[in-house]
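Read through the structure below, which is laid out as structure tokens, and then see the notes.
The values are calculated or read from the model by the stated rules, or taken from the named source; none is laboratory data. Bear in mind that the values here come from a model prediction, so they are computed numbers and not experimental data. Don't worry about glycine lacking a Cβ; one is built from the backbone with ideal geometry, like all the others, and counts go over all protein chains shown. The protein model used for the area step is the full one, side chains on, heavy atoms only, and it has no ligands, DNA or RNA in it. Shrake-Rupley method; radii C 1.70, N 1.55, O 1.52, S 1.80 Å.
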Amino acid sequence: MKTMQELLRRYRGLILYGVFGVLTTAVNMVVYYLCFDVLCIPNLISTAIAWFLSVLFAFITNKLWVFESKSFAKAVFFRELVSFFSCRITTGVLDMTIMYVAVDRLAQNEILWKLLSNIIVILLNYVASKVLIFKHK
């Protein structure tokens, strides 16, 4: 039987991704709430602002702690940054599409759909980060 320490070591990246995924979701949802409900910024603009700030937070945490990409050489850092934001643009468009259809078209609860959308986006982003962005040579 594996000890808890062995399991934590084996699944460290996945556990950290989950922790930072929750924190990224919190950043996204808090920013969205502040923009949409408090500042009365339109839905799609609120979604875009929340997306940008949460992606920036996710890049930093994923690079340093989840995938342990410690290189700050310009070529490596730029490739990771561009790849990360490119993949996140794709899932950002998905997030905006979900929010547009669910909130603007179907008049569903914006917070519930923001949460559901974030779950889908987190799963897709993990696969992209693991396979494409922070792959170890």
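Residue by residue, the stretch 65-79 carries 3J(HN,Hα) couplings of 10, 6, 9, 6, 8, 8, 6, 10, 4, 3, 5, 5, 4, 5, 4 Hz when phi is fed to the Karplus relation 6.51 cos²θ - 1.76 cosθ + 1.60 (θ = phi - 60°); x denotes Gly or Pro.
Could you give the size of the charge dipole of the chain about its Cα centre, using +1 on the Cβ of each K and R and -1 on the Cβ of each D and E, expressed in debye and rounded to the nearest 20?
Details: 14 positive and 7 negative charges, 168 e Å.
Using Cβ point charges on Lys, Arg, Asp and Glu, the chain gives about 800 debye.
Near Arg12: Cβ cut-off under 14 Å, other residues only, Lys/Arg at +1 and Asp/Glu at -1. The net charge is +2.
Hey, can you find the accessible area per residue of the chain for me, probe 1.4 Å, expressed in square angstrom?
61 Å²
Using a Gaussian network model of the chain in which every pair of alpha carbons under 10 angstrom is joined by a spring, one finds that among Ala50, Ala102, Ala73 the greatest mean-square fluctuation is at Ala73. Taking amide H atoms as placed 1.01 Å from N in the peptide plane, the amide H of Glu68 has no partner under 5 Å among residues 5 or more positions away or on other chains. Across the stretch 118-127, coupling constants 3J(HN,Hα) worked out from phi with the 6.51/-1.76/1.60 Karplus curve, θ = phi - 60°, read 5, 4, 4, 4, 4, 4, 5, 5, 4, 4 Hz, and Gly and Pro carry x. Annotation: lysines with alpha-carbon distance below 29 angstrom to Lys2 (same-chain offsets under eight excluded): Lys63, Lys130, Lys135, Lys137. Over the C-alpha atoms of the stretch 81-137, the Rg to Rh ratio, Rh being the Kirkwood estimate, stands at 1.10. What separates the Cα centres of the stretch 79-137 and the stretch 1-75 is a distance of 11 Å. Only helices enter the 222 nm calculation for the chain: every DSSP H run of n ≥ 4 contributes -39,500 (n - 2.57), and dividing by all residues gives -23000 deg cm²/dmol, rounded to 500.
Cβ-Cβ distance of Glu6 and Val30, R₀ of 25 Å, FRET efficiency by 1/(1 + (r/R0)^6): the value works out to about 0.10. Taking θ as phi - 60° and the Karplus parameters 6.51, -1.76 and 1.60, the scalar couplings of the stretch 129-135 work out to 5, 5, 8, 10, 8, 9, 5 Hz in sequence order, x denoting glycine and proline. Database remark: amide H of Ile41 closer than 5 angstrom to the amide H of Phe36 (H placed geometrically; neighbours at sequence offset of 5 or more, or on other chains; Pro and chain starts carry no H). Let me make sure I get this right: for the stretch 1-96, a, b and c are the square roots of the gyration tensor eigenvalues over alpha carbons, sorted descending. Under 1.5 in a/c it's rounded, otherwise prolate if a/b > b/c, else oblate. Which is it? Because a/c hits 1.5 or more and a/b fails to exceed b/c, the stretch 1-96 counts as oblate. Accessible surface of the chain, 1.4 Å probe: 75 percent of it comes from carbon and sulfur atoms.
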